[in-house]
1. With charges set only on the Cβ (+1 for Lys and Arg, -1 for Asp and Glu), what does the dipole of chain A come to about its Cα centre, in debye to the nearest 20?
2. Straight distance only, please: which lysines reach the Cα of A:K62 with their own Cα at less than 22 Å, same-chain residues fewer than 8 apart left out?
3. So how far apart, in nm, are the two label points at A:T189 and A:L172 if each is 7 Å from Cα heading toward Cβ?
4. Longest exposed-loop-site-free stretch of chain B, with chymotrypsin sites (Phe, Trp or Tyr not before Pro), DSSP loop and at most 13 other Cβ within 10 Å?
5. Kirkwood Rh over alpha-carbon pairs of chain A, then Stokes-Einstein at 20 °C and 1.002 mPa s: what D in µm² s⁻¹, rounded to an integer?
6. If you rank B:E104, A:E212, B:E156, B:E86 by how much accessible surface each has, with a 1.4 Å probe, what is the order from largest down?
7. Provide a whole-number value for the mean count of partner chain Cβ atoms within 10 Å of the Cβ atoms in peptide B:203-211.
8. To test your reading of the geometry: what angle, between 0 and 90 degrees and rounded to tens, separates the Cα axis of helix A:5-25 from the longest principal axis of chain A?
Amino acid sequence: MHPAPSVILFSTLSGLGFGLLAWLCLGLPPVTGQVAFVFFFIGYALAVGGLLASVLHLANPKNAVKAFSQWRSSWLSREGISAIVALLVVAVFAIGVIFFGVRLRAVGAVAALLCLWTVFTTAMIYTQLKTVPRWNSWTTPPIFLLHALGGGALLAGQPRLAAILLIVLGFLMAWAWIKGDEKGRAGSTMESATGLGAIGKVRQLEAPHTGENYLLREMAYRVGRKHALKLRVITLVLGYALPAALMLLVPVSHLTAVIAIAAHLAGVLAGRWLFFAEAEHVQALYYGR
Amino acid sequence: MTTLPESTETKLGLVIDLDTCVGCHACVVSCKEWNTSNYGAPLSDIDPYGAEPEGTFLNRVHSYEAMPETGCSQTVHFPKSCLHCEDAPCVTVCPTGASYKREEDGIVLVNEADCMGCGLCAWACPYGARELDMLSGVMKKCTLCVDRIYNENIPEEDRVPSCVRTCPAGARHFGDLGDPESDVSKLVAERGGMDLMPEQGTKPVNKYLPPRLKDRPSEAALEPRHEDPSGLFAWLDKALEKI
Ligand code: SF4
Ligand code: SF4
């Protein structure tokens, strides 16, 4: 699949933002007043920035508001609604701690759940697609949730929690990669795509068009798969191992926190890039790819 | 509404005969012509006279080679457009309600006034049947020429999809696949019509008729004729023997 920068940024940043907001709403760290303002500001900036980046990805953004209408069937619609509702409920909690120094625990708990639910709906947009077997796996939602929770804990200054979550995430990620490689295109082949398997092996003789098109650009992306192994190592080391090690083994300071967060972000972006670039769509089979 | 109808009684669709298609791409051209000038936004071209022309199409013809274990391989031309699936994943993923499946005849359409161009429906389609138009920013797909088939302003013989009307080989058939007595349903039954990628669970309405197996030269050749000549040839034969 085409790794569109706007979508990679969106899913990474908004995930981090919702993760941070979830921890803040649970009182981790138990900040109030100005400090709380800064924390919530960062959380909102990431979450809202991510959402805006995803609107940039639309070819016809003037109809974006209509995306709130189809929550009955569409995970993308549910994501939009959940994000707005979550951000509103978080605001109630944030106003409490920032301006009044009161912690509305029940509101906070609901807000935290809504943040995580939003991340889950994002994950489900990918998980639901049978056409992309690598995404169509039970591992996708926990991976998205652990990214949000682990990265959010890093931002929220919760070293132990962050380290544990990132280590679990690292193992799950490695497992998902291996399983994804095994799964391939989940039994779809050029033979099943064309129905010509009864005659024999099928290969493409001529493409239907000589130039590029939307389908090839979007669904038959192949650049950079050969670097997959390197990028996986980068993701594991920078994204999870290094920040976890820093959090557990080095005395926590602002400097170590900044290094850990920067490494985590770089690693996660590499991993998210791979999430798209490595994912094969069954319709590319029609082009013999 | 992007929830799917429980089931539709009428299932309009195409039956494509892979045995007959000669790969002339006439259906591609006629589809583009009809659909760029009628329903919805035009099908744009990008860099049409330049070095890298490309454009939006609702129907494309692939060409494959099927290679049996022994013997000659078979060339198969393979037109592909939306299959108007009964369990259309492209419809349920749509967040805006732009994509829908009609209850009355099962046609899957995009309401362009609602589409935000997110492209998710194209991701959900296993067949590559939806293309985002780069100029208009909305999703384009086969409409089964919904503006022809019910159109009382055009002669009756034209009230079929443009591709069907155009195909010079007669490789494309249009009808109600929900009615077992229809010509298309009978054709499918007779020729063993098949679904593409049935493992995706989309239950496509359009069916493909498999190419017939080709003869082998050794089986197909005529027996050599041995006949004793008569008349002039008998005389020639004899004369030649004597020389
Ligand atoms: S062929 Fe693709 S676009 Fe058409 S109904 Fe099926 S899934 Fe949807
Ligand atoms: S591109 Fe348009 S029709 Fe397709 S899912 Fe998005 S809004 Fe719906």
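The values are calculated or read from the model by the stated rules, or taken from the named source; none is laboratory data. Note that the structure is predicted; figures quoted are calculated from it, not measured. No Cβ is skipped: glycine too gets one built from the backbone with ideal geometry, and neighbour counts run over all protein chains shown. Keep in mind that these areas ignore ligands, DNA and RNA; they rest on the heavy atoms of the full protein, side chains included. Shrake-Rupley method; radii C 1.70, N 1.55, O 1.52, S 1.80 Å.
1. On the way: 22 positive and 9 negative charges, 45 e Å.
Roughly 220 debye, rounded to the nearest 20.
2. Straight-distance partners of A:K62: B:K140, B:K141.
3. Here the modelled spin labels are 3.4 nm apart.
4. On the way: sites that count: B:Y49, B:Y150.
Free of exposed loop sites, the longest segment is B:50-149.
5. On the way: Rh = 20.3 Å.
For the chosen part, D equals 106 µm²/s.
6. Working: B:E104 115, A:E212 80, B:E156 140, B:E86 60 Å².
In descending accessible area the options line up as B:E156, B:E104, A:E212, B:E86.
7. On the way: counts 0, 0, 0, 0, 1, 3, 1, 6, 4.
Mean inter-chain Cβ contacts per residue within 10 Å come to 2.
8. 30 degrees
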